[in-house]
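**Q** Dropping a structure here in structure tokens format, bear with me for questions.
Read-outs throughout are calculated quantities, based only on the coordinates presented, and are distinct from any laboratory measurement. As the structure is a prediction and not an experimental result, all values here were calculated from the model. Cβ atoms come from the backbone with ideal geometry, glycine included; neighbour counts cover every protein chain shown.
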Amino acid sequence: MGFVPIRKKGKLPGQTISQAYKLEYGEAIMEMHEDALQPGERVLIVDDLLATGGTCEAGIRLVERLGAEVIGCAFVVDLPELGGRKLLERLGMDVHVLCEFEGA
């Protein structure tokens, strides 16, 4: 068991793989170290905030590109009206949140 950071472009040292994702106002890129995971490893994605789901979807794509399996996604806060949970569930993800805030 370990910790693998997935960060915005340019924040990680060393060799990385990248995944673009859509924002309300354009596009951004997430990166992960290219040797962070081995094929067949099982991964739980954990983040503080679930809004539109774009950054988490990019993280899922990065994990899968390295041959690992995302077993679920966990968040501290969900902003349900932004639709992130629905997006991730459509991707087949189990989504867990500690609390939700309406009307953000």
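**Q** Neighbour counts of other C-beta atoms within 10 Å: give me 78, 48, 35 arranged from fewest to most.
**A** Values: 78 22, 48 8, 35 11.
Starting with the residue having the fewest Cβ neighbours, the order is 48, 35, 78.
**Q** How large is the convex hull of the Cα atoms of the chain per residue, expressed in Å³ as a whole number?
**A** 99 Å³
**Q** Quick one: angle between helix 54-65 and the longest Cα principal axis of the chain, in degrees between 0 and 90, rounded to 10, please.
**A** That helix lies at roughly 30 degrees to the long axis.
**Q** Which cross-chain or sequence-distant (5 or more) residues have an amide H under 5 Å from the amide H of residue 96, H modelled 1.01 Å from N in plane?
**A** 73, 74, 75
**Q** Another one. Summing -39500 (n - 2.57) over the DSSP H runs of n ≥ 4 in the chain and dividing by its residue number, what mean residue ellipticity at 222 nm do you reach, to the nearest 500 deg cm²/dmol? Spell out each step's value before the answer.
**A** Values: 2 runs with 19 residues, N = 104.
Roughly -5500 deg cm²/dmol at 222 nm, from the helical runs in the chain.
**Q** Calculate how many DSSP beta bridges within the chain are antiparallel, expressed in % of all such bridges and rounded to the nearest 5. The partial results should precede the final answer.
**A** Values: 10 of 23 bridges.
Bridges in the chain are about 45 percent antiparallel.
**Q** If packing is taken as the average count of other Cβ atoms within 10 Å, what order do 7-18, 52-63, 81-92 fall into, highest mean first?
**A** 52-63, 81-92, 7-18
**Q** Could you pull out every residue, at least 5 positions away or on a different chain, whose amide H is within less than 5 Å of the one on residue 78? Hs are placed 1.01 Å off N in the peptide plane, and Pro or chain starts have none.
**A** Those lying under 5 Å, H to H, from residue 78 are 50, 99, 100, 101.
**Q** Okay, next question. How do 75, 3, 101 rank when sorted from fewest to most other Cβ atoms within 10 Å of their own Cβ? Numbers along the way, then the final one.
**A** Values: 75 24, 3 6, 101 11.
Arranged by neighbour count, lowest to highest, 75, 3, 101 become 3, 101, 75.
**Q** About the Cα centre, and with charges only on the beta carbon of Lys, Arg (+1) and Asp, Glu (-1), how big is the dipole of the chain? Nearest 20 debye, please. Show your work: numbers first, answer last.
**A** Values: 11 positive and 17 negative charges, 61 e Å.
Computed about the Cα centre, the dipole is about 300 debye.
**Q** Once phi is turned into θ = phi - 60°, what whole-Hz ³J(HN,Hα) does the Karplus curve with 6.51, -1.76 and 1.60 give for every residue of segment 36-52, x standing for Gly and Pro?
**A** Values per residue, Gly and Pro as x: 6, 9, 10, x, x, 5, 9, 10, 10, 8, 10, 9, 6, 9, 10, 10, 7 Hz.
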